[in-house]
Each structure stands twice: as structure tokens, then as C-alpha cells.
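Working notes, structure below.
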Amino acid sequence: MARGKSYIPELRLETLTRFMQQYNSPVDSTLSNMFSTTQSPSSSIKWQSQRGGRGMTPFVPPGSPAPLTSPFGIASHSAEAAYWKEKMYFDEEFLNNMRQEGTEAGYLSSKARLSREMAGIKNRAVRRKEWMFAKMLFAGSFSYAAEGGVKNSVDYGLPDENSVTLATDYLWSTGSKADILGDMIGAKRVLKDGCGGKVELAVCTSAVLEYIARDPAILTLLQKSTFGNGDLFSGNKNSVVGVNPNILANLLDIPTLLVYDEMYEVRSWLTAVVTLNDTVAISVDDVTDWEVGGEMRFHNNLTGTYEDVTIESIEPEVGTVTVDTVTTASYRAGRDYVSMTRRFIPDDQFSMFCPTVEGMPVAEYMQAPFGLGRTWGLQTDTKENWDPDGIFIRVQDKGLPVLYNRDAIYTLTVA
């Protein structure tokens, strides 16, 4: 590496940055793309949220001072911006192949690998931002790593009356008294009465869409002689259950019914041995993103085999994830790992949104500055390693979604 990375055009910082900017990620970023982005002057994000709206200026006698006013239900929030980054190492052999000119096989395969790995690392960063928006909109809070090994939490203060879990008899999936249309009409009324905004968007997964499409009351309304053209099951590219959500949106008088099935994966290395038929408290290197109810998959890196168990509880203080049953095989610390694949939106929730209230957006994403160069947004940089010879390529970002109208979201747990 006597000539250094500057001799390799593909590894120049301006080339990597241009690649990251021009690369169109296939990751579905629907949730984060719903809102605008602004720059925060510091990593300490501060904002105010409110409930309600539609205020009216009072009458006052001429010549008297104007009374003070303020938004209803105002609340002040502050949180340190979340920071996420990763780096990838490319060794001497790979870099030497990058130096070869012409169309040699090694040179071409190295360029292809660089392109593939850079795409992958950007996709992972984009998913983290999407994950934060999903947690804000559907859970109302989330936790993340902070300086000094502690965990920060941000709570958006969603009203209890805007997050409803249906009783067993009224569940859309199995309830004998399910009233899907009534639940939706009630949700729209709560949003209208609360913030005065118009419901422009409803979001659910294909699993929930199927409950809606098979509801007898909705099917009756959607019969050809009653409503529409009878094309509920004509299919749609956004649905995996063969149901056209646009027809349901039209029936419900909601401009958009978004079917969102995007998923993310969590991986952690085992830090203690897992003994077959014995261990239920699983020690991992990071418990941050694991969730109760998720399926933990154990991977044997030597044989390629795996098995699944359900997560019962999480103990972040000791770095363990407790599962509901013992494994049928043993797994080695440092060699084997565990994973969990989850949807950004839970398979049992149906949510409605008012994207604006009194003409103003209800949320946005605030970028925070980071690094010695004080930069904002997704950044790429490199660092040369002397012994052994190699290059680190790093991707990093920092920011936080903020919510200005706490009562512009309504979520039903329906299954």
C-alpha cells in the first residue's frame, strides 16, 4: 500500500460520497419520507408539542391590552439526537485488486464487491431512520444508545385515548362482536374532535388488511350492486393478499390506505454459551433492538443450521434476552449468533393520521451536527490502516424525529 488509497479512484472520498448520494436505496422509506427535514443547531433537540387546535380570538373592548394566548395542551420536549454508524474493513488483497487497470477479473470483482457492500451499509442506515419514525408513530417512544454506555429514551406523549386496544370480543381477527367500520368511524371522530385535522392516511400491514377485506359488513357494502365495481379483490402492487386497498380507502373516505409490510433484521453475537435443553437467559452483545414477542433465531455458523424460539422478556441491565423455551441444540459464544426479523408496523395494529393540523405538518425529522467537520445527514468517510494494510469505510448519521401534534395519530390494536 505504498501509494495509498488516493491512487484508487473508487476509494476517494468524493467518489464514495457521490455514490451514496446517487444510489437509490430499495429500502421502503415511506414513513420517514412523509415528513420534511430540518437542521438542528446542536445535538440537543428541543421542541414543543400541543393537543387540540381551532382556537378563536376573543372579543376585547377597544383600547384595552390584548390578552395572552398559547397553544392548548402545550408540552416541552428535549432529547439528545440519536447517533448511528458502522464501518467496514477492506484488506490488502482487495485493495490491490482495486488498483489493477483494464478488465481483469479480480479488478472487476472487487469493484462489484465495493458497490454491493456500500449499497448494503447505506440500506442499513436508512432502515434505522425508518425504524425511529415507526416507533414514534406506532409506539410513541423508543430507546437508543448514548454516551457513557447509558440508554436514552424519548417519549412523545401520545394521549392514552388515541391508543386503543380492542377487547377480546371486538378483535378484528377473531372477535364475535367485531365492528370494523364502527371502530374506524370512531377513530376518525376522535381525531377530528381532538386536533381538528383531516384524516388523510391510514396504515396497516397485509395481515390487518385481510381482516378488513373479509369483514361481512364491508363485503356487503362492496358488492357490485351496492358500491364500486366489485373489484375489491382485483389485486394491488402494495398488497400481498390480493386485496385492492384503494377500494377500501374509497369506502372509508380516507384518501390513502397504505399497506406497509417492510421489515428489518436485528443480529447479535452470543456472548455466553447456550446449552441444549437448559439455557433460557440468552447473553448477547447488544439487547437494544430486541422485542418481547419476537422470534429469536439461533444460527450455528459452523453447520448453517438454525432454530426459532419466542422472546419472553428482555433484561438490558445484564444484557440478556429470555426466551420461552430451551433450544434443542447448543450454541457457542463468539462463533454463533441470533437474529430477529420484524415488521416496522406491528401485524396487529391499524393507524390513522392527520399529516397536517391548521396547515402545518404534525412532525418532522431534525438532523443534528456531528464530527469534527460539523456535518448533517448521512455521511461517508474512510481511514487507512497501516498494519495490517487495509481501508475502513464508515457510514454515520445523527438526528431525531419530532412530533408537534400529539393527538394527530390514532392507533387501534385489533388482533
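The values are calculated or read from the model by the stated rules, or taken from the named source; none is laboratory data. Keep in mind that this is a model prediction, so the values were computed, not measured. As a convention, Cβ positions derive from the backbone with ideal geometry for all residues, glycine included, and neighbour counts pool all protein chains shown.
If you take just the strands (runs of 3 or more DSSP E) that sit entirely in the range 290-329, which of them hold at least 2 residues that are of a type in the set (D, E, K, R), farther than 22 Å from residue 151 by Cα and at pLDDT 95 or above? Reasoning before the result, please.
Details: elements: 295-299, 306-315, 320-323.
Of the strands (runs of 3 or more DSSP E) lying wholly inside the range 290-329, those with at least 2 residues that are of a type in the set (D, E, K, R), farther than 22 Å from residue 151 by Cα and at pLDDT 95 or above span 295-299, 306-315.
Determine if the range 176-183 includes at least one residue that is in contact with a strand residue (DSSP E or B) (Cβ under 9 Å, 6 or more places away or on another chain), closer than 30 Å to residue 47 by Cβ and among the charged types (D, E, K, R). The answer is no, given that none of the residues of the range 176-183 is in contact with a strand residue (DSSP E or B) (Cβ under 9 Å, 6 or more places away or on another chain), closer than 30 Å to residue 47 by Cβ and among the charged types (D, E, K, R).
If you scan the range 370-415, which residues turn out to be under 30 Å from residue 353 (Cα atoms) and of a type in the set (Val, Ile, Thr)?
Just the residues of the range 370-415 that are under 30 Å from residue 353 (Cα atoms), to begin with: 376-378, 397-415.
Residues satisfying the conditions are 402, 409, 411, 413, 414.
Got a number for residues in the range 299-334 being touching a residue at least 60 places away in the same chain (Cβ under 8 Å) and surrounded by fewer than 17 Cβ atoms within 10 Å (Cβ to Cβ)?
Within the range 299-334, residues that are touching a residue at least 60 places away in the same chain (Cβ under 8 Å) and surrounded by fewer than 17 Cβ atoms within 10 Å (Cβ to Cβ) number 4.
State whether one or more residues within the range 91-106 are more than 28 Å from residue 403 (Cα to Cα) and at pLDDT 75 or above. Yes, the range 91-106 has at least one match.
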